[in-house]
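Chemist: Structure provided below as structure tokens; questions to follow.
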Amino acid sequence: MTKYSALLFISGLVFLLMVITGLLPIFSDSHTPMLVGKAILEGAKDQVGAANVVTSVVLGYRGLDTLGELSILFAAASVVGLVLTKSSFNKAASANNDKHDHHDSGFVAVNAIDLIFPLLLVVGMYIITHGHLTPGGGFQGGVVLAVAFSMLVIVRPRRASINHGMVSIIESFAGVSFILIGVIALFKGQSFLQPLLSHGEFGSLWSAGTLPLLYLAVGLKVGAELAGLLLALNSDEVVD
Amino acid sequence: MTLLDHLFIVVFSCLIAISVVRNLPIVDKLAPVLYGLILIMLVRMASVAYGGDAYLSSFSLDLLGFKMHWQFTALSWYFAIITLVAALASAVFMSGDWGRQYREGGGNYGMLQLALIVNVFSMILLLGSGDLLSLFIGWEFVSWASFLMMVLSPSKLAKKSAVKYIVYAMTGAMALMVAIVMIYAVNDSLEFEQISIVFAQMSGSSQVALVLLLFVAFAIKMGLLPFHLWQAVAYAETPGPGAAFLGAISSRMGMFTIVLVIVQFIGLGGLKSVGTSFANMQTLLAWVAALTTIIPTYIALQQHDAKRLLAWHGVGQGGYMLLGIIMFDSIGSAGGLMHVLNHASYQAALFMTVVAVMYRTGTSDLNKLGGLVTQMPLTFLVMLIGIIGLAGLPPMNGFVSKWLVYRSLLVNGQPLLFVAAVLGTLGTILSVYKLIHNTFLGQLRLEHQNVREVPWSMLVPMLGLSVIVFITGFMPGLILPWIASVQESVGLPVIAHHLGGIEYAKGGLDMIWVSGILFYGFGVGALIFYFLGGKSKRVHQYDNYAGGHFLTSDVRYHYSNNFYPGLMHLIGTWYRGSFQWLENSIVSVMSFFSVFFENIYRAKQPVMLLLIGVVLALLALYRNLGVGA
Amino acid sequence: MNSLVLLMVLPLFAAFIIPVVAKFSSKLALFTGPVVLCINLLLIMSAWVKVGSGAHAIFLGGFLPPVGIVFYIDHFSLLFSGLIASMVLIVWPWDAKESRLYSLYMLLSAASFGLALSADLFNLYVFYELLAVATYGIIAKQKNSSATAASLRYLFISSAGSVMLLLGIAIIYTLTGTLNIAHLATMTENLHGFAGLSAFALIAIGAGVKAEMFPVNSWVAEVYGTIPRQLSALLAGLISKLAVVLIIKMLLMVFQVQAAFDLLLVVGMLGVISGEMVAWRAKDMIRMLSFSSIAHLGVLFIALSIGGSKGLWLAIAIMLHHLLVKGGLFLMADRFSGHFDKLKGLAHHSPMSAAVFLVFILSLLGVPPLPGFWIKMALVMNLAELGGGLYYLAIGVILLATIIETAYMFNLVQTMYLKADADSTPLNKRYSASYTFAKLFALLLLVSMVFVSPISKRLKDIANHSANPQIYIHTVLPARYLGEKS
Amino acid sequence: MNHFFTVEGILYFGAISLSIIGLFGLLVSKNLFRLLLSLVLFEAGANLVLVLSGFIRNGIAPIFLDGNSGAVMNDPVPQALVLTAIVIGVGVQALALSLIFRVKKHYGSMDMRTIRSKLEREIAENAGVTPPGSNEAPAPVKLIEGENS
């Protein structure tokens, strides 16, 4: 019954969405009005100074959104930490369950990860620091960092080498520094999250003012949060 | 500062004063004095009841763009004076011994005093309303004030019936609000005059809706059919003097608003213009009134609880008031209006006698009483006067108002309504006989051997009220000027009156003559009896026999159980809780929808609801706007 | 004025540092939040004076609209900010142990401030999601696992709603190429077609999940039934209103069209009827309050459907009233709850609680002279002035709801005033701050009764100002974009 | 309707289909984890619709490199938005996953319907009332029990 009514209404929705799509300017004109997009493409070079306009948008024009999403990640990580802490489960039960010996993965995996780990770190850092020049940035780099650390845990579940305290300090530090960079502008009489420092030479690593710093904070934060998330989810597997 | 302002200030100060001292012993002395004070304030305004101008209040409020002001017309004054007399009587009645017993029984006496003054305050506020909004506010105040009084009784049934009452009352209030909104929406004004202006502009169906909404609102308060279910139980369960007060005047606020709004501003022409020539609104209301006189009266006949019996009569008597006023002629409306005062006086007195009996015996169950006349003769006298008034027999005041109503019905060519009214009176006579018989006559119960007359604090208000019942019956001319001013102020034809009654082209009424002849007849009868060899012998109540056998005191010989069995059998089939059924079926329909929505909220997969909501919303937009837009 | 962004930034900052602070001193971590909120209150007060009758826009990052994100500050947003700060202070989890919970509360308030202030559609979405995540977390963190399950079910419907919201935003952006609400307000003709209004419908229903809008509110009973009462007070009193604020911003600035009003009117009416009907059958306090809350949110949507400044001032009044009353009632429920039969004798046990309870429900029912009456009166009168079948129907629905509400509320009241019997355990005896706050709310309600006129005048001023798209556009947009329009 | 057979049309069709698949999964799945995956699909579809709003045929990525100064660039804003939306989605999904763990632990089931009925029962128990059941007839509720008159 549910299935049929679901089908009925979903087909209704498909029809309506199709109609709406047909009304979008993308089908009548060549493309969308792009009012803001054009303004940004025209002004980004002078106002922000990052070669990657998406980065200008993410950290400059819409920096607050980024701060918001960092907060969401932080919130999610906090919740996962809160919900999956061992205290929220019956300890006796988990002790009984511990007989599933989560031993290390095989030789190949362990050694491969050992080899790849530094590489992943470097790649991650590269992606983060070049976010304002090339595709990529704090998020993407942060994910790579998180993957690097969580792989360590996956291959060696019993020697989970990531320190919870460290993770939380990093995420706090990164978040705080993002905000502080924003607030400095406020103290200088400008607006919150206003890009500071000189734009530097367009297209070079040291350009776009505080953007790379912000991206560094974002990268660290994303890395820490994701690592924390994966860690928490993983540790629950162990507890279970 | 006009006199009306003074009145408001005095009433409000009394409210504050009583709420402060309500738990101190002094409240017993203070409350009657305060009601007396308010009464004096009203008497100072008496010019309005003798053709003087209405008093306007200098207070006015402008809240959220709605202006409110207050005024006191002859109509307001007339109802206010009844209210205050009833309140004064109740306050005297409850102070002293009754109050002590109530407190000892666990009742919250302070709250009862407070409830009484709150009722008086809110009624004065309603009676003084000068526009639709202040009317509505007063209306709600009155509803909640009566609720306050009803819930005071600790019994579960009382609380349930109070809740039932407040649901009904809120329904009425909301109907009134819709009506007010309909009026406001036309000219953005809440003045009373707007009612007639807007009514004239409205389309036929809106007129029907407006009249029905107003009528429903007022009818609920007044307990007219089919909204009569709440009243009797709620009033009967109210603590003693509270019941007397509420029974006397509270539901008459519905009458006040009917006169104020429907009679004054919609008027006969308005009512007649709604509907067809065969059955217009006036006919409908008249028949509602007629049925209200009959059905509740015969329900009253079935009751075996004295308070409930009286309360059902209170519902039934409302029918006479409406029946009279709806005739829109001088005598009919005079009868209807006068019946308000008359009914208040004898109803309060009757309730008080029942409460007095309860005070001494602890019960108002008519099957458990009897023979109290020897123990409580004065109470018996009051009840006798009261039931003569209630039954509408001369020389008490109930006769006058009912006579006016009957006469009006006949003059206006409404024989069917007349028959209905007489049928109601018949039921009334039967049931008040049951009341007095089962309470005071017949055989005294063993457990009531030591019952004594009630103390003076209770007797005085009862006797005072019965004096009113008699005096206003003997000399209706005392209050007919008030009625005439009311008629004048609401635009009805004015009645011609003199001290003994009315002058009317098709046959007047002079109560002094009627009573004179009546007493003359009694006198002649007494003379014949005592001087022409009549002998009476005092015997003890138990000195009695039935079927040839002497009876001992523990054998009941007087019928109290299953009174009027034949009649009950006859009418039982006609009335078997059909209105209760109606009420229950409304509740069932509500339950049906409630369960329906409950199941929506219990959806297994709430996202489905989201999808349905979105699809339906988009579909509605699609149908409304189309793709071209 | 730029420093007002601190309203949102300070709690965020606090949220980030609290886990670190907690490593050194858990006491300090506990007090960080309240201190920040108090600072915020001060900021709001000073801003209230400074803004005066005007409005102010903060260009974040110094980018002029429409390219950057804008915070729009006027008395409406400041009013809500004040409510957020006070409400979170009231329900602050003093007895919680985990510092991360404090962080969540801080995130919640940051998101709320953001929702109140932001004037950018996508930014509103981000804050809405932040609010959602923080809420799920706070709900899920409760000791009983049923709260987790309720939270999960809430998460599914709410996330699906968020996706709808996102779709709506996507459609709007595709149609207009901008996200700034003021900028959108200059391009209403693009948006008043079927596509634009569909976007509004998606946004309204998507955000409606949090706003307890019919039919996407089935989570209400589950969540309120499992979480502590203070939290219910927060969710019902405040969070639901913030989702409404999002809808209001779109409705007032961009979608002042009959179709949008009708949509809100219909869901509002259905919400009122369904909520009251179900509450009528409820047998325990929390369920009753939950569904009555749904019904009152329905009234709010009906008020919004009046449109313009009239609709806004009524909506603000209803929101404030509902915040006080429903918040107060949920806080009261901390003291006594459970099956109605267990509440017998409560009034004799604690006359004060019964009296406070009565004040709340009398105002809820709209009994004069309590504020609820004036709001209901003004609402009904305004609906009547608009005329038209649906609006008349709405009047009928509101008044019918009042009758039903009287029935079930007073059924409860009469139970309270009955004599206690063996199995009645009416009162939760332990001291709770909630009760004190409930009394405070009742007091506020009574005080506002005296000042109905000035308060309503003030609210009307606020609404007149905030509902005027011209003021909004002129404050936010640089002159260049205004020229485009004319 | 022939404009549906353009690149844009196909892209939109794909994006909408993805959401619809996700939505359908949300409606008919019982398993909590499948529900979560459906949510992921639903979000992904919506994100695609969002990013498509910046689509320009033959447009290039909005990055200033040497030699692309003349080309038409895609709208950068939707890309930034989608980046944000994706990360938000990840956060929510992780959160949901942790909740699922705990719910599984508590109820011993991953079936949404079982969980719902157990939850309902728990709420009713907490409140001290009888749980609502779909198979029991609606109990006759009286507004107020009045006496028979």
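Chemist: In this structure, does residue C:324 turn out to be free of Cβ contacts under 8 Å to residues at least 24 places away in the same chain and either touching a Leu at 6+ places or on another chain (Cβ under 6 Å) or surrounded by 24 or more Cβ atoms within 10 Å (Cβ to Cβ) (or both)?
Modeler: no
Chemist: Still on this structure, please answer the following. Assess whether residue C:230 counts as being more than 14 Å from chain D (Cβ to nearest Cβ), modelled with pLDDT under 85 and either on the phi < 0 side of the Ramachandran plot or outside any loop (DSSP other than H, G, I, E, B) (or both).
Modeler: The answer is yes for residue C:230.
Chemist: When the residues of the stretch C:360-410 are narrowed to those that are more than 10 Å from chain B (Cβ to nearest Cβ) and aliphatic (A, V, I, L, M), which ends up nearest to the chain's Cα centre (by Cα)?
Modeler: Among those that are more than 10 Å from chain B (Cβ to nearest Cβ) and aliphatic (A, V, I, L, M), it is C:364.
Chemist: Continuing with the same structure: With respect to residue B:16, determine if the residue is over 26 Å from the mean Cα position of the chain (by Cα) and either assigned by TED's automatic domain parsing to the domain that holds residue B:112 or under 17 Å from residue B:109 (Cβ atoms) (or both).
Modeler: For residue B:16, the condition - over 26 Å from the mean Cα position of the chain (by Cα) and either assigned by TED's automatic domain parsing to the domain that holds residue B:112 or under 17 Å from residue B:109 (Cβ atoms) (or both) - is met.
Chemist: Would a scan of the stretch C:65-85 turn up a residue that is part of a helix (DSSP H, G or I), more than 24 Å from residue C:323 (Cα to Cα) and modelled with pLDDT under 90? Spell out how you get there, then give the answer.
Modeler: Taking the stretch C:65-85 first, the residues part of a helix (DSSP H, G or I) are C:75-85.
Adding the requirement that they be more than 24 Å from residue C:323 (Cα to Cα) leaves none.
Within the stretch C:65-85, not a single residue is part of a helix (DSSP H, G or I), more than 24 Å from residue C:323 (Cα to Cα) and modelled with pLDDT under 90.
Chemist: Here is a further query. Have a look at C:44, C:17 and point out the one that is within 28 Å of residue A:76 (Cα to Cα) and out of contact with any strand residue (DSSP E or B) (no Cβ under 9 Å at 6 or more places or on another chain).
Modeler: From the options C:44, C:17, the qualifying one is C:17.
Chemist: Can you tell me which of (1) buried (at least 23 other Cβ atoms within 10 Å of the Cβ); (2) free of Cβ contacts under 8 Å to residues at least 24 places away in the same chain; (3) out of contact with any Lys or Arg (no Cβ under 7 Å at 6 or more places or on another chain) is the one residue B:187 doesn't meet?
Modeler: (1)
Chemist: Hey, among C:289, C:300, which residue is modelled with pLDDT under 90 and assigned to a helix (DSSP H, G or I)?
Modeler: Of C:289, C:300, the one residue that is modelled with pLDDT under 90 and assigned to a helix (DSSP H, G or I) is C:289.
Chemist: With the checklist (1) surrounded by fewer than 24 Cβ atoms within 10 Å (Cβ to Cβ); (2) not in a helix (DSSP H, G or I) in hand, flag the one item residue C:89 doesn't pass.
Modeler: (2)
Chemist: Same structure again: Among the residues of the stretch D:64-84, are any within 8 Å of chain A (Cβ to nearest Cβ), surrounded by fewer than 16 Cβ atoms within 10 Å (Cβ to Cβ) and not charged (D, E, K, R)?
Modeler: yes
Chemist: Select from the stretch D:40-62 the residues that are of a type outside the set (A, V, I, L, M) and either closer than 16 Å to residue C:155 by Cβ or buried (at least 16 other Cβ atoms within 10 Å of the Cβ) (or both) and list them in ascending order.
Modeler: Hits for the stretch D:40-62 are D:42, D:43, D:45, D:47, D:53, D:54, D:55, D:62.
Chemist: Continuing with this model, one more query. Please determine, by comparing only the residues of the stretch D:24-39 that are part of a helix (DSSP H, G or I) and more than 10 Å from chain C (Cβ to nearest Cβ), which one is surrounded by the fewest Cβ atoms within 10 Å (Cβ to Cβ).
Modeler: D:33
Chemist: Same structure, new question: For the list (1) touching a residue at least 40 places away in the same chain (Cβ under 8 Å); (2) surrounded by fewer than 24 Cβ atoms within 10 Å (Cβ to Cβ); (3) within 22 Å of residue C:258 (Cα to Cα), I need the number of the one condition that residue C:193 fails.
Modeler: For residue C:193, the exception is condition (1).
To keep it simple, each residue is scored yes or no on (1) crowded, with 22+ Cβ neighbours inside 10 Å; (2) touching a residue at least 40 places away in the same chain (Cβ under 8 Å).
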{"position": "B:422", "(1), (2)": "no, no"}
{"position": "B:430", "(1), (2)": "no, yes"}
{"position": "B:441", "(1), (2)": "no, yes"}
{"position": "B:467", "(1), (2)": "no, no"}
{"position": "B:477", "(1), (2)": "no, no"}
{"position": "B:480", "(1), (2)": "yes, yes"}
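Chemist: Which members of the stretch B:300-316 meet the condition of being modelled with pLDDT under 85 and more than 14 Å from residue B:436 (Cα to Cα)?
Modeler: Scanning the stretch B:300-316 gives a single hit, B:302.
Chemist: Do you know which residues across the stretch D:9-23 are facing another protein chain (nearest Cβ under 7 Å) and buried (at least 20 other Cβ atoms within 10 Å of the Cβ)?
Modeler: D:12, D:16, D:23
Chemist: Out of the residues in the stretch C:252-286 meeting the condition of being more than 14 Å from chain D (Cβ to nearest Cβ) and either touching a strand residue (DSSP E or B) at 6+ places or on another chain (Cβ under 9 Å) or not in a helix (DSSP H, G or I) (or both), tell me which one is farthest from residue C:471 (Cα to Cα). I'd like the intermediate steps shown before the answer.
Modeler: Within the stretch C:252-286, the subset more than 14 Å from chain D (Cβ to nearest Cβ) is C:252-275.
Next, from what is left, pick out any that are either touching a strand residue (DSSP E or B) at 6+ places or on another chain (Cβ under 9 Å) or not in a helix (DSSP H, G or I) (or both): C:254-257.
Numbers: C:254: 13, C:255: 16, C:256: 15, C:257: 19 Å.
Restricting to residues being more than 14 Å from chain D (Cβ to nearest Cβ) and either touching a strand residue (DSSP E or B) at 6+ places or on another chain (Cβ under 9 Å) or not in a helix (DSSP H, G or I) (or both), the top hit is C:257.
Chemist: Taking helices (runs of 4 or more DSSP H) that fall entirely within the stretch A:1-59, which contain at least 1 residues that are over 15 Å from residue D:74 (Cα atoms), within 27 Å of the chain's Cα centre (by Cα) and at the interface with chain D (Cβ under 9 Å from one of its Cβ atoms)?
Modeler: A:35-47
Chemist: Any idea which of (1) in contact (Cβ under 8 Å) with a residue 12 or more places away in the chain; (2) surrounded by fewer than 24 Cβ atoms within 10 Å (Cβ to Cβ); (3) at the interface with chain A (Cβ under 10 Å from one of its Cβ atoms) is the one residue C:143 doesn't satisfy?
Modeler: (1)
Chemist: Starting from residues that are assigned to a helix (DSSP H, G or I) and among the aromatic types (Phe, Trp, Tyr), keep the ones in the stretch B:12-61 and report whichever is surrounded by the most Cβ atoms within 10 Å (Cβ to Cβ).
Modeler: Of the residues in the stretch B:12-61, the ones assigned to a helix (DSSP H, G or I) are B:12-21, B:27-44, B:46-50.
If we keep only those that are among the aromatic types (Phe, Trp, Tyr) too, we end up with B:12, B:35, B:50.
Working: B:12: 14, B:35: 26, B:50: 12.
Of everything passing the filter in the stretch B:12-61, B:35 is surrounded by the most Cβ atoms within 10 Å (Cβ to Cβ).
Chemist: So which residues in the stretch B:145-166 are touching a residue at least 24 places away in the same chain (Cβ under 8 Å), within 17 Å of residue B:246 (Cβ to Cβ) and at the interface with chain C (Cβ under 8 Å from one of its Cβ atoms), if there are any at all?
Modeler: B:162
Chemist: Looking at B:178, B:208 in this structure, which one is assigned to a helix (DSSP H, G or I), β-branched (Val, Ile, Thr), out of contact with any His (no Cβ under 8 Å at 6 or more places or on another chain) and free of Cβ contacts under 8 Å to residues at least 40 places away in the same chain? Lay out the reasoning, then the answer.
Modeler: Numbers: B:208 fails: free of Cβ contacts under 8 Å to residues at least 40 places away in the same chain.
Result: B:178 is the single residue among B:178, B:208 that is assigned to a helix (DSSP H, G or I), β-branched (Val, Ile, Thr), out of contact with any His (no Cβ under 8 Å at 6 or more places or on another chain) and free of Cβ contacts under 8 Å to residues at least 40 places away in the same chain.
Chemist: Tell me which helices (runs of 4 or more DSSP H) are completely within the stretch B:212-289 and hold 2 or more residues being closer than 21 Å to residue B:175 by Cβ, or say none if there are none.
Modeler: Values: elements: B:229-237, B:240-245, B:252-257, B:267-273.
It comes to B:229-237, B:252-257, B:267-273.
Chemist: Still on this structure: When the residues of the stretch C:179-190 are filtered to those that are within 9 Å of another protein chain (Cβ to nearest Cβ) and modelled with pLDDT of 85 or more, which remaining residue is nearest to residue D:115 (Cα to Cα)?
Modeler: If we take residues in the stretch C:179-190 being within 9 Å of another protein chain (Cβ to nearest Cβ) and modelled with pLDDT of 85 or more, then C:179 is nearest to residue D:115 (Cα to Cα).
Chemist: Return the residue satisfying two criteria in turn: it lies in the stretch B:290-339 and is buried (at least 24 other Cβ atoms within 10 Å of the Cβ) and assigned to a loop (DSSP other than H, G, I, E, B), and of such residues it is farthest from the chain's Cα centre (by Cα).
Modeler: Only one residue tops the list, namely B:327.
The values are calculated or read from the model by the stated rules, or taken from the named source; none is laboratory data. Small disclaimer: the values here were computed from a predicted structure and weren't measured. As a convention, Cβ positions derive from the backbone with ideal geometry for all residues, glycine included, and neighbour counts pool all protein chains shown.
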